[in-house]
Amino acid sequence: DALPGKQMAIEADIAAVQIVLRNLLDNGFTHAGDGAARVEVSVAQVTARRLALSVRDHGHEVQDAALDGESEPLVNSAFGLRSVMRLVQARGGTFSMSRPEDGPGTDVRVELPGRLLDTEHRTAAGR
């Protein structure tokens, strides 16, 4: 797992990762509530060839129907979360939404093929 504030490098389908993060962050900030927005992003290695990207906002809770996939949840970005889910699944990944146990907001977790790279090794090797 990553340390807070640590720079991370990944090997993955970069176009898919950019689309996913752009849309998850847009939705997170849009629904973060009044005042200062707080959105957390994390990345973790799930298996040797699989990454998990997680985005959590601390704002409005997602509706039960959205959690069950029965409605289009939080669709304020241009791409929409249902489209993000389809993109992730087409790339061999998974998409899930849940309510955090420790307060309001929404957790969105995406798993995609990929791996974390050692940024210190890459810098030392001149890459």
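When both residues are 6+ apart or on different chains and their Cβ atoms are under 6 Å apart, which pairs have a first residue that lies in the stretch 81-102 and is under 18 Å from ALA15 (Cβ atoms), and a second that is among the acidic types (Asp, Glu)?
ARG91/ASP13; GLY93/GLU111
Which pairs have Cβ atoms under 6 Å, sit 6 or more apart or on different chains, and link a residue in the stretch 39-57 that is among the acidic types (Asp, Glu) to one that is modelled with pLDDT under 95?
The qualifying pairs are GLU40/ARG56; ASP57/GLY28; ASP57/HIS31; ASP57/ALA32; ASP57/VAL39; ASP57/GLY105; ASP57/THR106.
Do we have ALA37 as modelled with pLDDT under 85, open to solvent by 70 Å² or more (accessible area, probe 1.4 Å) and of a type in the set (Gly, Ala, Ser) here?
So ALA37 fails the test.
Listed residues GLY105, GLY126; which is open to solvent by less than 80 Å² (accessible area, probe 1.4 Å), over 24 Å from ALA9 (Cβ atoms) and at pLDDT below 90?
GLY105
Do you know which of the residues in the stretch 75-91 that are open to solvent by 80 Å² or more (accessible area, probe 1.4 Å) and among the basic types (Lys, Arg) is modelled with the highest pLDDT?
Among those that are open to solvent by 80 Å² or more (accessible area, probe 1.4 Å) and among the basic types (Lys, Arg), it is ARG91.
The values are calculated or read from the model by the stated rules, or taken from the named source; none is laboratory data. Here the structure is a predicted model, which is why all the values come from computation and not from measurement. For neighbour counting, all protein chains shown are included, and Cβ atoms are generated from backbone atoms with ideal geometry for every residue, glycine included. What goes into the accessible areas is simple: the full protein's heavy atoms, side chains included, and nothing from ligands, DNA or RNA. Shrake-Rupley method; radii C 1.70, N 1.55, O 1.52, S 1.80 Å.
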